[in-house]
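FYI, it's all coordinate maths here, none of it is from the lab. Source: prediction; values computed, not measured. All Cβ positions, even for glycine, are placed from backbone atoms using ideal geometry, and neighbour counts span all protein chains on display.
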Amino acid sequence: MQTLEEYLHYLQGKGFQLHEDAIGFIYFGKNYTNASDEIINAAVELTLKAQKCFDGSFYISLLETLMANKVQTRKEALRFVKETDLLAI
């Protein structure tokens, strides 16, 4: 499992240029929800896949939904959004 910092570096290496405000918002969501890095990474991944760019309000809403449903792993997050038709990915 990658830390959040490692994941953000990975995204940058893949060409996703997250601006400083987006990175700040990602860390805000982490602190706000007390979510693990794995769930934060999954929420960022799903946000980028669904929105094609980083959307802070979408990310926070998704993160809150994952936490409220006690999702604990990336695999569970992917399954949750698929089973609930939350995202069309």
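Odds and ends about this structure:
- In segment 28-56, residue farthest from residue 66 (Cα to Cα) [restricted to those that are more than 10 Å from the chain's Cα centre (by Cα) and among the hydroxyl-bearing types (Ser, Thr, Tyr)]: 32
- The lone exception for residue 84 - which of (1) hydroxyl-bearing (Ser, Thr, Tyr); (2) closer than 19 Å to residue 6 by Cα; (3) surrounded by fewer than 17 Cβ atoms within 10 Å (Cβ to Cβ) it fails: (2)
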